[in-house]
Structure formats: structure tokens, C-alpha cells
Amino acid sequence: MTIEKSVSNGAHIWMVNQYAITSERSGGTRHISLSKRLIQNGWRVSIIASNSHHQTRDEHQMSSKIERQSLDGIDFYWIKLPQYAGNSMKRIWNMLYYALSLFPFVLKKVASKPDVIYASSPHLFGAFAALLIAKFKRVPFVLEIRDLWPQTFIDLGGYSKWHPYIVGCAVIEKILYRHADRIVTLLPGSELYMKAKGADITKIHWIPNGIDFSMLEPVVEGSIEKSTDFVCIYAGAHGLANALDTVVDAAKIVLKHPDGAGVRFEFYGQGPERYRLNERLKSERIYNVRIHGPISKKDVYKVILESDVMLESKQDTPLYQWGMSFNKIFDYFACKKPVIIGLSAKYNPVDVCGAGKVVPPEDSAAMAVAILELKSLSPEALDQMGQRGCEYVREHHDFDGLALKLDNLLRELI
């Protein structure tokens with residue numbers, strides 16, 4: 001690992017996010033895109049993350065507990081954490097270990113004192129530790145909410161609200177909402193939820209996910225060889241929340257439909273459901289679906305450009321009444337691809353800009369109908385859908401504009 005010295009002399013922000021990754025790895029790169037633009041505006045950025053990828057479990061090789069790496073002007077601090085599998089006690093220990101590791105990070109003065117600390121969920125343990133450190137160092141604390149914890153565990157995981165882990169998380173959640181100097185949420189409509197937990201609604205700011213067009217520009221669309229098949233692609237996590245059985249069931253319906261010839265489904269990603277889904281494809285002989293491994297952010301655009309339609313699927317849950325943190329859909333829009341999404345949520349960008357079809361969540365028959373309907377459209381009609389999505393994401397979800405909002409928010413604090 002190459003260790004370099006930071007040369008930036010601007011105001012210093014610590015971003016505390018266990019699951020932050022570099023652009024060479026698969027997954028969301030929100031903090032990379034925001035950080036690069038903050039650096040252009042004179043900030044110094046240190047991201048404190050785990051050496052282990054949350055989904056693939058591959059690790060940065062480290063010779064010490066904490067190592068520093070400079071990439072694109074960002075100082076990454078990788079913390080070596082114990083491994084885990086599934087939602088077990090080992091995972092809780094993994095999260096607690098990360099939170100506890102932040103205190104030696106401070107005491108050993110691995111990085112200079114920050115001017116502001118910006119902590120992201122999930123999970124809440126790291127954010128709580130970051131709040132304590134911010135109080136100790138007497139600097140502003142900004143809480144970023146990507147998922148509503150512990151409500152996500154209740155609505156998606158089936159946990160009782162009286163489970164000891166849920167009760168503990170609920171206490172931490174209220175403390176964070178009440179003591180954060182600012183709250184950045186990725187979830188439109190979550191303000192009322194947070195207010196009920198004690199947040200000052202005037203401190204809440206919506207800065208959603210977006211697109212880093214600088215990562216897309218090197219991918220030349222003309223270099224992509226399109227298949228003669230009608231290709232439907234899902235690229236993302238393979239977890240329970242993604243309801244991928246719905247997509248597989250839709251593929252099975254399409255396979256048996258007279259108009260389904262030539263329709264092919266490709267899954268890219270990693271998660272606990274991936275291997276079970278693969279076994280299902282084999283046992284039920286659903287041969288129009290293939291499941292591949294995860295791909296890096298740099299390569300995902302090449303895959304998207306090979307598609308005719310991109311797919312997204314979520315569970316049918318009341319959780320999304322508070323909004324949803326979209327990520328992949330904006331990648332699809334940027335590549336000018338129509339999207340079919342199975343979701344019931346406040347603020348659905350596919351519906352807002354008319355860039356595809358919205359079907360009820362976990363409704364495989366409706367998804368199959370939407371796929372066949374888009375297959376019947378002319379290439380020009382599909383292109384028009386894709387163009388609407390691209391125009392929308394450029395106007396509302398370009399990281400240049402989102403980073404400027406964050407920059408203004410941070411400067412108000414310091």
C-alpha cells in the first residue's frame with residue numbers, strides 16, 4: 001500500500017463511515033465523489049473506514065491496526081476489523097469494534113484535529129462514537145442518514161421493537177438526532193420520522209445520492225457491442241431487501257411467454273441471496289437468467305450500456321413511506337437507459353421523470369408485463385425514455401451541485 005503525505009491546508013473534515021470504499025471496488029462511491037469536490041473547494045478530507053468490504057468481504061492487506069492511504073487527494077484511514085458472516089452477534093461485534101477503534105484513532109492523533117466531523121449511517125455505533133469525539137474536540141457534528149436504523153431492522157428484518165438490540169439502537173438514534181448540529185438525509189420525506197425522534201426539523205437537509213459524470217465520461221458508448229437479444233440487467237446487492245425472487249419469477253413468466261424469445265436477464269453483484277438464487281435457477285431450469293459476481297464502479301457503466309432495460313426491485317414494506325436512498329437508478333439514468341422498478345415509495349424518480357415503468361413491489365406478473373411492453377417499443381421510444389432520465393439526473397442529481405450544497409452547509413457550521 002502506498003502511503004503519501006497530504007498537502008492540503010484547508011479546513012479539515014473527518015468522514016466517519018465504516019462502509020466507505022474506493023472507486024476500484026464494487027458499491028456506492030458517494031463519499032468519494034463528494035470528497036473530491038470538497039477538496040477542489042479547499043477542504044482537507046479524511047475518510048475513516050473498514051479495511052473489509054461490507055458485501056464481498058475482501059480486505060485491504062494491512063500490517064497494522066490502522067493504516068493511511070492517499071487516493072485522489074483524500075486521506076483514507078483503514079481500520080482492521082474482525083470478520084463476520086450474516087446478521088449474527090459477530091456482525092454486531094464488528095460494528096462495535098469499529099466504533100471503539102475510533103477512540104484510539106483520536107488519542108494517537110493519527111490525523112490532525114478536524115474542523116467538523118461528518119458521520120454516516122448505517123450503522124449508529126460509529127456515528128455515536130463520532131458524536132462523542134466531536135464533543136470532546138469541540139467541533140461541529142453532522143449526521144448523515146442513509147438508512148433509518150433501527151426501523152429498517154423492524155420493517156425488513158422482522159425484529160420486535162422490544163428486542164434488546166433494537167431498544168439499544170433506538171436510544172442511540174434519539175441521542176444522535178437531538179445532538180447533531182446538522183442532519184443530512186438521503187431520504188426524501190424522512191423529516192417527520194426524525195422529528196418524532198427528537199430532531200430539530202430546521203437542522204435537516206436533503207442531499208440525495210447522485211452521479212459523478214467524471215466517472216462515466218471515460219466510457220465510450222460506441223465501444224460497447226450490443227447484443228441482438230433484449231437484455232435486462234440488475235446490478236446491485238443481492239439481499240432480502242432487493243426482493244430478487246420477484247425478478248426471477250418475472251423472468252420465468254417471460255421465458256414461457258410467446259413474446260419472450262430473445263429476452264435475457266443478467267444479474268451483477270454480491271449478497272447473501274446470490275447463491276440461493278443461483279441454485280434456484282438450476283433447479284427450476286430458468287435458463288434466461290445468469291448471475292455474475294460484483295463489479296467495480298468503474299466497470300459498472302460498461303455493463304449498463306450493454307443493456308436495453310435496467311431493473312430495480314424492493315420489498316413491499318411500510319419503511320419506504322419515509323423515502324428511499326436511490327443510488328443505482330441514477331447510474332442507469334446517466335447511461336440513458338429505461339428503468340423498470342418494483343417499488344412503493346415516496347418520491348420515485350422513474351415515475352417523476354417518465355424514464356421507464358413503475359410496478360407494484362413484489363409483483364412478478366406486473367414486472368413481466370412491463371418488460372414485454374418495453375420490448376415491443378421501438379429503439380427510438382426506448383431512447384426517449386433514457387434521455388428523459390439523463391436530463392433529470394443532470395439537473396437534480398449531479399454531484400457537482402450536491403457537493404456545493406454540502407460545502408455551503410459545512411461552511412455555515414465553521
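Here, each number is a calculation from the coordinates, and none is a lab measurement. Note that the structure is a prediction, hence the values are computed from the model and not measured. For neighbour counting, all protein chains shown are included, and Cβ atoms are generated from backbone atoms with ideal geometry for every residue, glycine included.
A few remarks follow.
- Close Lys pairs in segment 140-242 (alpha-carbon distance under 21 Å; sequence gap of 8 or more, or different chains): 7.
- Pairwise Lys count, segment 317-414 - Cα closer than 19 Å, eight or more residues apart or different chains: 10
- Residue of 68, 44, 276 that the Gaussian network model of the chain assigns the largest fluctuation, springs spanning Cα pairs under 10 Å: 276
- Shown here for segment 310-351: trypsin sites (Lys or Arg not before Pro) in loop regions (DSSP other than H, G, I, E, B) with at most 13 other Cβ atoms within 10 Å, namely 346.
- Within the listed set 100, 374, 305, the Gaussian network model of the chain (springs between alpha-carbon atoms below 10 Å) gives the highest mean-square fluctuation for 100.
- For segment 214-360: relative contact order, % (alpha-carbon pairs under 8 angstrom, 6 or more apart): 25
- Only Lys, Arg (+1) and Asp, Glu (-1) charged, at Cβ; segment 214-396 dipole about Cα centre in debye: 380
- Loop chymotrypsin sites (Phe, Trp or Tyr not before Pro), segment 221-318, which have at most 11 other Cβ atoms in a 10 Å radius of their Cβ (DSSP): 287
- In this calculation the C-beta distance from residue 103 to residue 213 is compared with R0 = 30 Å, giving a FRET efficiency of 0.20.
- Within segment 338-372, backbone nitrogen closer than 14 Å to the virtual label 7 Å beyond the Cα of residue 387 toward Cβ: 338, 355
- Options 187, 253, 117, ranked by Cα towards positive dipole end of the chain, top entry (Cβ charges): 117
- When P(r) over Cα pairs in 10 Å bins from 0, in percent is computed from the coordinates, the matching label among [x] 5, 21, 29, 21, 13, 7, 3, 1, 0; [y] 4, 18, 25, 24, 17, 9, 3, 1, 0; [z] 4, 22, 32, 26, 13, 3, 0 is [z].
- A Förster radius of 60 Å, combined with the Cβ-Cβ distance separating residue 290 from residue 138, puts the computed FRET efficiency at roughly 0.65.
- Helix-only CD estimate at 222 nm, as mean residue ellipticity for the chain, using -39500 (n - 2.57) per DSSP H run (n ≥ 4): -12500 deg cm²/dmol
- Put in line by how crowded their Cβ is, counting other Cβ atoms within 10 Å and starting with the fewest, 310, 385 read 385, 310.
- Taking segment 253-267 and a reference point 7 angstrom along Cα→Cβ of residue 282, the backbone N atoms nearer than 20 Å belong to 265-267.
- Cross-link reach is defined here as a Cα-Cα straight distance under 16 Å, omitting same-chain residues fewer than 8 places apart; for residue 65 the lysines meeting it are 80, 108, 109.
- For the chain, the longest site-free run once GluC sites (Glu not before Pro) in DSSP loop states with at most 12 other Cβ atoms within 10 Å are removed: 25-224
- Dipole of segment 214-396 [Lys/Arg +1, Asp/Glu -1 at C-beta], most positive-end residue of 283, 310, 396: 283
- Of 72, 316, the sequence from fewest to most neighbouring Cβ atoms within 10 angstrom is 72, 316.
- Taking the three principal axes of the alpha carbon atoms in segment 214-396, the coordinate ranges are 44, 40, 31 Å, sorted in descending order.
- Looking at the chain, the DSSP beta bridges with both ends there are about 15 percent antiparallel.
- Dipole moment magnitude, nearest 20 debye, the chain about Cα centre, only Lys, Arg, Asp, Glu C-beta charged: 1680
- Neighbours of residue 413 by Cβ distance under 13 Å: Lys/Arg scored +1, Asp/Glu scored -1, total 0.
- Across 384, 40, 321, mean-square fluctuation computed from a Gaussian network of the chain (C-alpha pairs under 10 Å connected) peaks at 40.
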